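Report on one structure; see the data block that follows.
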Amino acid sequence: MDEVKCIICEKSMKLRDQEKEWRECFFCKKPVCFEDLRYVGVWRKGLYSEFIEVVPICGNCKPKKWG
Ligand SMILES: [Zn+2]
Ligand SMILES: [Zn+2]
C-alpha cells in the first residue's frame with residue numbers, strides 16, 4: 001500500500017510524498033492534502049514552561065466555533 005487518500009477530498013496521494021503533498025492530522029492521524037490542511041496551536045508542556053506548538057489538522061478535527 002503506497003497510496004493514501006485525503007480524509008477530506010479523497011484525493012489519492014503517494015505515501016512517500018508525505019510532508020510534500022500531505023500531512024497527518026495531529027488528532028485523528030489521517031492523511032490530509034495541503035489544500036485541506038489547517039493549522040492550530042496547542043499548549044505543550046516543556047521542561048520549564050508551557051509553549052504553543054502549531055500542529056496540522058484536518059477539517060473534521062477543526063473546532064466548530066471557527067466556522
Ligand atoms: Zn484534500
Ligand atoms: Zn483529523
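No lab work stands behind these numbers, since they all come straight from the coordinates. These numbers were taken from a predicted model, which means no experiment stands behind them. Cβ: placed from backbone, ideal geometry, glycine included. Neighbour counts: every protein chain shown.
First measure r as the distance between the Cβ atoms of Leu47 and Gln18, then evaluate 1/(1 + (r/R0)^6) with R0 = 30 Å and state the FRET efficiency to the nearest 0.05.
E between Leu47 and Gln18, to the nearest 0.05, is 0.55.
Measuring from label point to label point, each 7 Å out along Cα→Cβ, what is the Tyr39 to Phe27 span in nm?
1.8
Over the stretch 3-61, how many percent of alpha carbon pairs lie in each 10 Å bin up to the one with the longest distance?
Bin by bin from 0 Å, the calculated values are 25, 46, 20, 9, 0.
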